[in-house]
Amino acid sequence: MLSYQHAYHAGNFADVHKHVALYTLLQSLHRKDSAITLVDTHAGRGVYELADKASQKNGEYRNGVVPLWEQRDAIAADSPLGEWIGRLATLQGGATLRRYPGSPWWFADLQRKQDQLSLFELHPAEHQALEADALSAPGKRQQRLHADGLEGLRKMLPVDTPRLCVLIDPSYEVKTEYKDVAKALRHIVRKARHAVVVIWYPLLAARRHERLLDSLRQSGIPKLWNSELRLGQDADEYGMYGSGLVILNPPWQLDQRLNETFKTVAKRLGGGASHRSGWLTGEAP
């Protein structure tokens, strides 16, 4: 939706949930040398300045990335969460948390020379900001497209690399996006059945995400793993009380690694935060 700007939410607990999963997933995929087409359907900006007015308005990062940053010395550096924080630290230029990277930065940071990266962003101002972000590196193939990401992905399939990894995380401000996401996943599976896909969704009082999950359960698509990070507070009419992920074809043991990692995240967030996970369809590979 063209009114949505992620700067107001950058670095919140849902971003942590999504980006720790993305980082850990890409690290797992890199165990094989074969090239990957990387696609971010709703990219947003590469980097968000936490001192900007938009980030300061709601200050959501203070209950998301900040508790983890402040407790980083107590988190094992060689754990998935510790490694993620270590990469986050490279963006700060010091001990103060000043910037939070969006998914384009995480994709680009882990992109190898044999991989291809496509970043879709439909919002004109956000796409302009994405274009200005310094994400490129010599020898890396990247494109930043001012276009609808789900439609753009549909036109890309099948891809010309052995593997495909997609992140789908719309704002869901339009009710039909839940249906659109389920439809997009079915199309991806038809064109590239071994694709690895991460779908993010919000947990809101209206509980529209349950329709998405029910649709995916009934789709017949195998190997769908589900993760939900919930805050301790009760849902209200407008607020997001949790963050959800569905991962298609997670690499071997990724579900176990992420489950343990998000238990640690919930503990560090405090306030009664919790994590639950399980298989929507299929079982552990």
Item to check | Surface accessible to a 1.4 Å probe, per residue, for the residues of region 242-283, Å² | outcome: 43
Checklist entry - Gaussian network model of the chain, Cα springs within a sub-10 Å range: biggest mean-square fluctuation belongs to which of R207, R72, R45? => result R207
Next on the checklist: As an exercise, identify the trypsin sites (Lys or Arg not before Pro) in region 89-168 lying in DSSP coil whose Cβ has no more than 10 other Cβ atoms within 10 Å.
Outcome noted: K113
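Return the carbon/sulfur percentage of the accessible area of region 54-173, one whole number, probe 1.4 Å, all protein chains in place. List each step's numbers first, then the result.
Working: 2630 of 5530 Å².
Roughly 48 percent, rounded to a whole number.
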Next on the checklist: Tell me which chymotrypsin sites (Phe, Trp or Tyr not before Pro) from region 161-248 have a DSSP coil assignment and no more than 12 other beta carbons within 10 Å of their own.
Outcome noted: Y238
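Ignoring everything except DSSP H segments at least 4 long, calculate the 222 nm mean residue ellipticity for the chain; use -39,500 (n - 2.57) per segment, divide by total residues, nearest 500.
-11000 deg cm²/dmol
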Next on the checklist: Can you tell me the length gained on complete extension of the stretch D160 to Q143, counting 0.36 nm per residue apart and subtracting the Cα distance?
Outcome noted: 4.6 nm
Item to check | Selection of trypsin sites (Lys or Arg not before Pro), region 1-44, meeting DSSP coil and at most 12 other Cβ within 10 Å | outcome: R31, K32
Checklist entry - Stokes-Einstein at 4 °C, 1.567 mPa s, Kirkwood radius from Cα pairs: D for region 124-259 in µm² s⁻¹? => result 77
Checklist outcome for this item: Taking Cα pairs closer than 8 Å and at least 6 residues apart, the relative contact order of region 1-133 in percent is 43
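Quick one: dipole size for region 60-205, taken about the Cα centre, charges +1 on Lys/Arg Cβ and -1 on Asp/Glu Cβ, in debye to the nearest 20.
Here the size comes out at about 640 debye.
The values are calculated or read from the model by the stated rules, or taken from the named source; none is laboratory data. Remember, it's a predicted structure, so these values are computed and weren't measured experimentally. We place every Cβ from the backbone using ideal geometry, glycine too, and count neighbours over all the protein chains shown. The accessibility values were calculated without ligands, DNA or RNA, using every heavy atom of the protein model including side chains. Shrake-Rupley method; radii C 1.70, N 1.55, O 1.52, S 1.80 Å.
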